Amino acid sequence: MHPLSLRPSRRDCLTLAGALALPPFVRHAGAADVPRFALGVASGHPSAQSIVLWTRITGADLPAEVPVRWELARDERFSQIVARGSEIALEADAHSVHAEPSALEPSRWYWYRFEALGQRSTVGRTRTAPAADAPEGLRFALASCQRYDHGHYAAWRHVAQGELDLVLFVGDYIYEYASPPTALRMHSGGTVRTLQQYRARYAQYKSDASLQAAHAAAPWLMAWDDHEVENDYAGLQGPALQPNFGAQRSAAYRAYWEHMPFPKALKPGGADMRIYGRTPWGALATIHAIDDRQYRDPQACPREGRGGGNSVRLRDCPELNDPKRSLLGAAQERWLAEGWDLQRPWNLLMQQTLMARFSWQEPDVGVYWTDGWDGYAASRERLLGSVAERKVPGVVVLGGDVHAHYVADLKRDFDDAGAPVVATEFCGTSIASRGAAQDRVAEAMRHNPHIRYGRSDRRGHVQCALDARTLQAQLMAVDDPTKPDSAVQVLARFVVDAKHPGAQVG
Ligand SMILES: [Fe+2]
């Protein structure tokens, strides 16, 4: 599927991984002693002609404007440079850089680097998407929930060495909490609420060498969940119903844009930032990324005097099934339903959380978590209904948030054991954030026969290989999340046939 000439060799990958293990200032000490590229480099939003290149200039002594140069080459040694440019890193943008080389070749691997204040960044590797008619395959990782004070990022080391075309990150890039004194590695500062605090939290996460290596190894597509702002927020409602939540959300969205390889056009001007969108991948797939935070109705049946999620019985909270409530908002629901790709064999839906119904007890009594899709059942039914009615090919829902590997059959009616499966779901476990007790999950799975696999006690990611006929998924697990160099194992393998939704043990 992948023309060999377009892929880096394994030796290149090892060289890259080895080089990335060193902090940038060790390899590229410049005129000043202060490291200027301490947060690494990243790329994202690939199309067949363009890519976004990201870095952030670091140091407490920076002027308001820092000139930055970038180069893009067809080889790791930069002997064939195809594009060069310059940007001004502004203090107002936390000295972040979002360079956007265009008119590139489709299906091409590129290497990039930055230069500023007499120093050079590490080298990142990236690629463009295939041309619209190219039948090329896609190898990607699905990841989420990298709580820094819960564990090390051995999973990211594995991703960086994996020769992947793309990384799909579906939320909880940072956590806003202060760390407890017992934390494995402490968050700097307390609870995050202001622009400066969000910036500092991103900088701490991005100081991790394994995360930098994963960013430098492949382009990313990104969606946020709640912790990029605050746990369980809904639209403009904070979980404590705090009066100034709009200003906090604006600061959080701003810092998110500053630290991600998003294009300049997505820079938020106020409280809003549109992150939902589509990425076509040759003739193979359309990747739809959606946003379940910014436009949702508040959670049903919250605890007294609070916003946010709650565990409730269905009979105590009929609002769970209220058809007027939406997780995506009417405009985004319509955008998704009208934009399914009926031509390509696959529709990959990047979203934040487990879509399959998950009842902690017998479904008719039910105990449901109101922050997820179970809190917005009619919204889910509309989404899966549009897939069934339009016979959308190869829908695979890719999520995170719940800190467990789940593989599920998605149906319009989860109560009907005979209802047809309309889509396949892989919900990936967390990179580092702790999960629920496995015995509770195993017990609850008896009430949810459409969930084929559930494992909450392991950290890791999902690694996928896609061609026109099949999706092969490997559920990956880190041996010991307290060790940065832990080994990573395949926990389970599944295969999905493009024409028959539902995962089979592979
Ligand atoms: Fe999370």
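The values are calculated or read from the model by the stated rules, or taken from the named source; none is laboratory data. Since we're looking at a predicted model, the values are computed, not measured. For neighbour counting, all protein chains shown are included, and Cβ atoms are generated from backbone atoms with ideal geometry for every residue, glycine included. We work out accessible area using only protein heavy atoms, side chains counted, and drop any ligands, DNA or RNA first. Shrake-Rupley method; radii C 1.70, N 1.55, O 1.52, S 1.80 Å.
Summary table
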| item | result |
| --- | --- |
| Within segment 447-498, tally of residues that are under 30 Å from residue 185 (Cα atoms), without any contact (Cβ under 8 Å) to a residue 60 or more places away in the chain, of a type in the set (Lys, Arg) and open to solvent by 60 Å² or more (accessible area, probe 1.4 Å) | 1 |
| Residue pairs meeting the criteria (Cβ under 8 Å; at least 6 apart or on separate chains; first without any contact (Cβ under 8 Å) to a residue 40 or more places away in the chain, in segment 217-237; second of a type in the set (A, V, I, L, M, F, W, C) and not in a helix (DSSP H, G or I)) | 236/271 |
| Within segment 146-163, tally of residues that are in contact (Cβ under 8 Å) with a residue 40 or more places away in the chain, within 16 Å of the ligand (Cβ to nearest atom) and either open to solvent by less than 10 Å² (accessible area, probe 1.4 Å) or in contact with a helix residue (DSSP H, G or I) (Cβ under 9 Å, 6 or more places away or on another chain) (or both) | 6 |
| Pairs where the first residue, in segment 326-340, is surrounded by fewer than 18 Cβ atoms within 10 Å (Cβ to Cβ) and the second is of a type in the set (Ser, Thr, Tyr), C-beta under 6 Å, 6+ apart | 337/386 |
| Among (1) assigned to a loop (DSSP other than H, G, I, E, B); (2) touching a Cys at 6+ places or on another chain (Cβ under 8 Å); (3) buried (at least 19 other Cβ atoms within 10 Å of the Cβ), the one test that residue 292 misses | (2) |
| Filter result (in contact with a helix residue (DSSP H, G or I) (Cβ under 6 Å, 6 or more places away or on another chain) and at pLDDT below 95) within segment 116-140 | none |
| Which numbered condition residue 397 fails, given (1) surrounded by fewer than 23 Cβ atoms within 10 Å (Cβ to Cβ); (2) among the aliphatic types (A, V, I, L, M); (3) within 19 Å of residue 287 (Cα to Cα) | (1) |
| Residue list for segment 419-431, restricted to those being hydroxyl-bearing (Ser, Thr, Tyr) and in a strand (DSSP E or B) | 424 |
| Residues being of a type outside the set (Gly, Ala, Ser) and open to solvent by less than 10 Å² (accessible area, probe 1.4 Å) - total across segment 240-256 | 4 |
| Filter result for residue 178 (within 16 Å of the ligand (Cβ to nearest atom), open to solvent by 10 Å² or more (accessible area, probe 1.4 Å), in contact (Cβ under 8 Å) with a residue 12 or more places away in the chain and among the hydrophobic types (A, V, I, L, M, F, W, C)) | no |
| Qualifying positions in segment 387-418 - away from the ligand (no atom under 16 Å from the Cβ) and part of a strand (DSSP E or B) | 395, 396, 397, 407, 408, 409, 410 |
| Residue 143 away from the ligand (no atom under 16 Å from the Cβ), in contact with a Gly (Cβ under 7 Å, 6 or more places away or on another chain), modelled with pLDDT of 95 or more and farther than 18 Å from residue 273 by Cα | no |
| Selection count, segment 423-446, where residues are open to solvent by 20 Å² or more (accessible area, probe 1.4 Å) and more than 14 Å from the ligand (Cβ to nearest atom) | 8 |
| Single match in 63, 46, 67 (criterion: in a loop (DSSP other than H, G, I, E, B) and touching a residue at least 40 places away in the same chain (Cβ under 8 Å)) | 46 |
| Residue that is nearest to the chain's Cα centre (by Cα) [pool: residues in segment 204-233 that are farther than 13 Å from residue 174 by Cβ and within 16 Å of the ligand (Cβ to nearest atom)] | 223 |
| Selection within segment 164-175 - within 16 Å of the ligand (Cβ to nearest atom) and either of a type in the set (Asp, Glu) or open to solvent by 70 Å² or more (accessible area, probe 1.4 Å) (or both) | 172 |
| Count of segment 215-235 residues which are open to solvent by less than 10 Å² (accessible area, probe 1.4 Å) and part of a loop (DSSP other than H, G, I, E, B) | 10 |
| Any hit, segment 100-118, residues being open to solvent by less than 40 Å² (accessible area, probe 1.4 Å), more than 16 Å from the ligand (Cβ to nearest atom), among the small types (Gly, Ala, Ser) and more than 19 Å from residue 481 (Cα to Cα) | yes |
| Unique residue being under 21 Å from residue 233 (Cβ atoms), open to solvent by 30 Å² or more (accessible area, probe 1.4 Å) and either of a type in the set (Gly, Ala, Ser) or in a helix (DSSP H, G or I) (or both) when the list is 375, 305 | 305 |
| Residue within segment 367-382 that is more than 17 Å from residue 296 (Cα to Cα) and in contact with a helix residue (DSSP H, G or I) (Cβ under 9 Å, 6 or more places away or on another chain) present | yes |
| So residue 22, is it modelled with pLDDT under 95 and open to solvent by 70 Å² or more (accessible area, probe 1.4 Å) | yes |
| Odd one out for residue 12 among (1) modelled with pLDDT under 50; (2) charged (D, E, K, R); (3) open to solvent by 40 Å² or more (accessible area, probe 1.4 Å) | (3) |
